[in-house]
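Chemist: First, the structure itself, so that you have it in front of you.
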Amino acid sequence: MPITAERVIPGLYYENWTGNISADEVYESAQTRSRWAREDEVPYYVIIMDGEHCKRLPLISSLSSASKAHQAGKMQFMVVNLPSIHTFVVNMVGRFLPNPIETHANRDDAINAAKAVLEKHKST
């Protein structure tokens with residue numbers, strides 16, 4: 001599967017997107033991460049998507065539809081290792097998604113930012 005994931009800590013999920021990503025793969029990934037958050041019983045969670053090895057993304061409408069698997073106000077997306085044109089597109093599309101999205105330069109920066117976000121939401 002071109003989208004693989006790991007639990008860094010409960011509520012922090014790191015996805016590697018590799019090759020050509022289909023709309024079905026995005027949807028399945030969103031469903032799985034949402035399930036992981038329920039299993040972890042966390043009040044808020046962060047998904048970091050690493051696009052370093054991604055060759056092709058599905059249509060923006062597919063990404064937006066998949067984001068509906070995540071309850072609004074209960075999670076955040078972060079994206080790392082994207083070419084600058086994709087970073088621009090992600091920032092534009094992110095304005096219309098129900099959950100916030102941030103871009104970061106690399107894995108370590110994103111994980112540190114995600115841990116700070118989770119710490120902020122720990123008591124909610």
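Bear in mind that the values in this text are calculations on the coordinates, not laboratory data. Being a predicted model, the structure only gives us computed values, none of them experimental. Please note: Cβ atoms are built from the backbone with ideal geometry, for glycine as well, and neighbour counts cover all protein chains shown.
Chemist: Output the DSSP H helices from the chain with an along-axis C-alpha extent of no less than 18 Å and a mean Kyte-Doolittle hydropathy no less than -0.5. Kindly include the intermediate steps, with their values, before the conclusion.
Modeler: Values: long enough: 23-40 (26 Å, -1.63); 107-120 (20 Å, -0.47).
Helices passing the filter in the chain: 107-120.
Chemist: Once amide H atoms are built 1.01 Å from N in the peptide plane, which residues 5 or more positions from Met78, or in another chain, come under 5 Å H to H?
Modeler: Ile47, Ile48, Met49, Glu102
Chemist: What spacing in nm lies between the two simple spin-label points modelled at Thr18 and Glu119, each 7 Å away from Cα in the Cβ direction?
Modeler: Once both label points are built, they end up 3.3 nm from each other.
Chemist: Which lysines does Lys122 reach when only Cα atoms under 18 Å apart count, and residues fewer than 8 places away in its own chain are ignored?
Modeler: In chain and number order, the partners are Lys74.
Chemist: By how many nm would the segment from Glu39 to Ala72 lengthen if fully extended, with 0.36 nm per residue of separation less the alpha-carbon distance?
Modeler: Numbers: separation 33, 0.36 × 33 = 11.88 nm, distance 1.79 nm.
Extra length available between Glu39 and Ala72 comes to 10.1 nm.
Chemist: Further, regarding this structure: If we count other beta carbons within 10 Å of each Cβ, what is the order of Asp109, Asp24, Asp50, fewest first?
Modeler: Values: Asp109 15, Asp24 11, Asp50 23.
Exposure proxy ranking, most exposed first: Asp24, Asp109, Asp50.
Chemist: A follow-up question, please. Note down the nm distance, to one decimal, between modelled labels 7 Å out along Cα→Cβ at Phe88 and at Ile9.
Modeler: Output for this residue pair reads 3.6 nm.
Chemist: Could you give me the ³J(HN,Hα) list for segment 11-19, computed from phi with Karplus coefficients 6.51, -1.76, 1.60 and θ = phi - 60°, whole Hz, x at Gly and Pro?
Modeler: Couplings: x, 10, 10, 10, 10, 9, 9, 10, x Hz.
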